[in-house]
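*Asks:* The following block contains the structure, expressed as structure tokens.
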Amino acid sequence: MSSLLANPLATPSQLYRRASSATLPRDVDEAVYFATQCLTQAAGRLLQLPQSVTAQANVLLARFWLAESPMAHEFSDVSAATIYLVSKLGPLPRSPRDVSNVYAYLSSANSALFPSGELPKDDPRAYYQTEADYYAFQQRMLGLEARILQSLSFDTQVSLPHPLAITYLQTLDFLSQPRTTVSLRTIQYLNTALLSPQMLYITHQPNALATAAIYNAARDLGAKMPEHEWWEVFDVDREELGFLVVAMRSVEGWMQKLKEDFPSFGNNILKRSVVEDELHRRGLQVGNRDNTPRDEEDEVMRMMDSR
Amino acid sequence: MSTKPKSRWASSAEDAEYEARQKKEKEEKRRKKALKLQEEEEKKKALLAAATTTTSQFAETNDDNDDAASSSSRPSKRRKLTPEPASNNTSATLLRFDVGTWKPSRSVDNYDKLNDIEEGTYGWVARATELATGRVVALKRLKLEAGDPNGLPVTGLREIQILKNCRHRNVVAMEEVVVGNDVSKPDNSIFLVLEFVEHDLKSILQDMPEPFLSSEVKRLLLQLTSGVAYLHQNYILHRDLKTSNLLLSNRGLLKIADFGMARYVGDPRPKLTQLVVTLWYRAPELLLGTRTYDAAVDMWSVGCIMGELITREPLLQGSNEVDQISKVFELCGVPTEDSWPGFRRLPNARSLRLPKQSPLASGSVIRARFPNLTAAGASLLNSLLALDPEKRPSAKEMLEHEYFRQDPKPKPESLFPTFPSKAGQERRRRHEPDAPGIFQGRDKEERGAGFSLRMV
């Protein structure tokens, strides 16, 4: 079954369409992507899901946002819907209530996701949810669940490169390095690549990602690699390897740059309203959003409900 | 021994010349390789240098419009296989998967409904044609509970996930998933587009005046088993095998259908529910409430189906769980620590009061119940209906069984009789209990006679 080793990939025309019809400037779009993927990772930790589940949620979100504008739904709702959907289909389902609590906490002022030097003092009032809050969240999340499935034609299969990378390392005899060191470094590259706004997981197959991560880990550790074109054994050509090696190494520098460009983005959970403010500041119109007034009305209704 | 004289031949002048030539060629190759390695080393350096420069570039040219364009053109470039001039002489063939991409589900409006086939506990099935091609398909609508706090039913999503990954001639093929037109609604209808197969085995068995010939039984069983072997090999448990879930085409091709109960059992091993398999086909370990079970539960069902194919009647028709397990013990004998080590430790076995029986009467009566079955057939049925799941053969082992090699040989599919299609006009009938589980409470089940079984 090829589906255990390979993923469906974005086509050039899909990528082109996304780039040309984007509602957001490219740097903002990338910042939103990165922030939301980080949020999914944090939620995965709090929901005590293994990385194999959370990473699949990251990939589903990337696939979904290739087709739909990120501005169509609140970012955290999309993140929640992907992680809920993936966990539901896997061996460790999580209840909507658990997901709701975790996202309420992460979105709150009390959240430890945004380090402001020291850990904030736990204040349950900051993330307390009323029944109405929960109900509204659940409705949005389940609506998005159906929406995500429909726009992916119900194909939820995600093959991750992590197990492949370990197998490859075994065949390379761990490059004569301590097993845990080189494995850890490889996995770190793979996990970081999940956050890359270049959307590496939907443009490259797991075998290529695994090989590039091993290459990077080996370089970092000064490990001796085979002298032949060993990546061809893993069905990766030099060009693709080169691209991925660079792409994976560049994430860190890009993150640094992001922090400088959008100092406010890292202080709180990234919401659509924050992005809209940023666009206003730049004098840009928020494109194709005819549902703004309805949202405000919803907001008022919600506030009245939770009284 | 015959090689020895040959080796003497080797030391001829011609051979020496040949060897010398080879040696020379080898040396040349080695030299070329060294050269290539050198080149590569340089390239690698260049690559790394490029890496560091692009990193900084990437950060600088963030706002650049060119960047946006290049991001869209990059993947297509990457996917292309441009062989490096240096690696031309090795020209490795790299494995590429043809996987495609994702796109939104199409609308159900692409199909035109012809007639209903059946409406069961788990959904509604209709015969339909695809408007564009005129092809006849089966449309199965997922049953959605409006306002379900858990969203789309996990069983339906699993069925889709599994069918998407399955490709086997004895497993019903799913072509796509189409949706209704209320895309924004969470309870928008979802339809599985399945290949249309004319009959289900249950209706055929009910309507046929004469039972299947043993050559036909063998062919049907072989097909069922190879489908089950495929599923198990891919870590899928079907968990609801029964004759009404087996389809038979007019060309004698059997297909396993209805994966509403199926699921992947991989690693980490998921917590499995005991509320699976239609009562009459449910394995004794499930009836006794085991918390860990495996592919052997499907093999028990295969055994029940084998019996049903021979007699045209479901083999074990219990009216409730207690009645079911007593019928199982009547047929297969009462378990002992010898015949099923450890069965006493199963949750429901603790409160089980087994009838006092003479040791003679506690054996299996399968042989007596199927007097016309050959010795090989009886031994197969006996092993499938072994109380101890460990003793049942795997689907793969079953395919190798003596029974299928003995005369009469399995009848070729093409020689199967055809049956009038029910799906064309009327609905399929259901005269059996449905699979349990998530949708049905089992609290109504009563206590049977003979011995008691407490339901927890």
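*Asks:* Let me spell it out: the conditions are (1) within 26 Å of B:F212 (Cα to Cα); (2) part of a loop (DSSP other than H, G, I, E, B), and B:L380 meets all of them except one. Which number is the exception?
*Replies:* Every condition holds for B:L380 apart from (2).
*Asks:* Would you mention how many residues in the range B:146-156 are over 15 Å from A:L144 (Cα atoms) and facing another protein chain (nearest Cβ under 10 Å)?
*Replies:* So the count comes out to 2.
*Asks:* Another question, if that's okay. Can you tell which of B:L253, B:L272, B:L231 is of a type in the set (A, V, I, L, M, F, W, C) and more than 24 Å from A:T156 (Cα to Cα)?
*Replies:* Sole residue among the options that is of a type in the set (A, V, I, L, M, F, W, C) and more than 24 Å from A:T156 (Cα to Cα): B:L253.
*Asks:* Identify, please: which residue in the range A:1-29 is more than 8 Å from chain B (Cβ to nearest Cβ) and in a helix (DSSP H, G or I) and is, among those, farthest from A:R282 (Cα to Cα)?
*Replies:* Out of the qualifying residues, it is A:L4.
*Asks:* Which one of these does A:Q48 not meet: (1) at pLDDT 95 or above; (2) in a loop (DSSP other than H, G, I, E, B); (3) closer than 26 Å to A:P263 by Cα?
*Replies:* Only one criterion in (1) at pLDDT 95 or above; (2) in a loop (DSSP other than H, G, I, E, B); (3) closer than 26 Å to A:P263 by Cα is unmet by A:Q48, namely (3).
*Asks:* Using the structure shown, decide if A:N207 is assigned to a helix (DSSP H, G or I), of a type in the set (S, T, N, Q) and more than 22 Å from A:Y33 (Cβ to Cβ).
*Replies:* Numbers: assigned to a helix (DSSP H, G or I): yes; of a type in the set (S, T, N, Q): yes; more than 22 Å from A:Y33 (Cβ to Cβ): yes.
It is true that A:N207 is assigned to a helix (DSSP H, G or I), of a type in the set (S, T, N, Q) and more than 22 Å from A:Y33 (Cβ to Cβ).
*Asks:* Considering only the range B:129-181, state which residues are more than 19 Å from B:P104 (Cα to Cα), surrounded by fewer than 18 Cβ atoms within 10 Å (Cβ to Cβ) and either among the polar types (S, T, N, Q) or in the same structural domain as B:K255 (by TED's automatic domain parsing) (or both).
*Replies:* B:T129, B:T133, B:N150
*Asks:* Still on this structure, I have one more. Can you tell me which residue within the range B:271-294, out of those that are in contact with a Gly (Cβ under 8 Å, 6 or more places away or on another chain) and of a type in the set (S, T, N, Q), is nearest to B:K391 (Cα to Cα)?
*Replies:* Residues of the range B:271-294 that are in contact with a Gly (Cβ under 8 Å, 6 or more places away or on another chain), as a first pass: B:273-276, B:279-280.
Remaining after also requiring of a type in the set (S, T, N, Q): B:273-274.
Numbers: B:T273: 22, B:Q274: 20 Å.
Here the residue is B:Q274.
*Asks:* Residues in the range A:177-184: is at least one within 12 Å of chain B (Cβ to nearest Cβ) and out of contact with any Lys or Arg (no Cβ under 9 Å at 6 or more places or on another chain)?
*Replies:* The answer is no; no qualifying residue exists.
*Asks:* Still on this structure, please answer the following. If A:A109 meets every condition in (1) surrounded by fewer than 16 Cβ atoms within 10 Å (Cβ to Cβ); (2) free of Cβ contacts under 8 Å to residues at least 12 places away in the same chain apart from one, which number is that one?
*Replies:* (2)
*Asks:* So which residues in the range A:248-270 are under 16 Å from the mean Cα position of the chain (by Cα) and exposed (fewer than 15 other Cβ atoms within 10 Å of the Cβ), if there are any at all?
*Replies:* Once the filter is applied, which keeps residues that are under 16 Å from the mean Cα position of the chain (by Cα) and exposed (fewer than 15 other Cβ atoms within 10 Å of the Cβ), the range A:248-270 yields only A:E252.
*Asks:* Just wondering, is there one or more residues in the range B:250-270 that are surrounded by 24 or more Cβ atoms within 10 Å (Cβ to Cβ), at pLDDT below 95 and among the acidic types (D, E)?
*Replies:* yes
*Asks:* Continuing with the same structure: Please state which one of A:R97, A:R125 is over 30 Å from B:R106 (Cα atoms), free of Cβ contacts under 8 Å to residues at least 60 places away in the same chain, within 14 Å of chain B (Cβ to nearest Cβ) and outside any loop (DSSP other than H, G, I, E, B).
*Replies:* Just a single option satisfies the conditions, and that option is A:R97.
*Asks:* Another question, then. Across the range A:132-164, what is the number of residues that are more than 8 Å from chain B (Cβ to nearest Cβ) and either of a type outside the set (D, E, K, R) or farther than 16 Å from A:V78 by Cβ (or both)?
*Replies:* Counting residues in the range A:132-164 that are more than 8 Å from chain B (Cβ to nearest Cβ) and either of a type outside the set (D, E, K, R) or farther than 16 Å from A:V78 by Cβ (or both) gives 15.
*Asks:* From B:S301, B:S326, which residue is part of a helix (DSSP H, G or I), out of contact with any helix residue (DSSP H, G or I) (no Cβ under 9 Å at 6 or more places or on another chain) and surrounded by 16 or more Cβ atoms within 10 Å (Cβ to Cβ)?
*Replies:* Going through B:S301, B:S326 in turn, just one is part of a helix (DSSP H, G or I), out of contact with any helix residue (DSSP H, G or I) (no Cβ under 9 Å at 6 or more places or on another chain) and surrounded by 16 or more Cβ atoms within 10 Å (Cβ to Cβ): B:S326.
*Asks:* Among the candidates A:R249, A:R307, A:R294, single out the residue that is farther than 22 Å from A:Y33 by Cβ and either outside any loop (DSSP other than H, G, I, E, B) or modelled with pLDDT of 85 or more (or both). Write out each step before concluding.
*Replies:* Values: A:R249 fails: farther than 22 Å from A:Y33 by Cβ; A:R307 fails: either outside any loop (DSSP other than H, G, I, E, B) or modelled with pLDDT of 85 or more (or both).
Only one candidate qualifies: A:R294.
The values are calculated or read from the model by the stated rules, or taken from the named source; none is laboratory data. It should be emphasised that the depicted structure is a prediction, and the values quoted were computed from it without experimental measurement. So basically every Cβ, Gly included, is an ideal-geometry build from the backbone, and we count neighbours across all protein chains shown.
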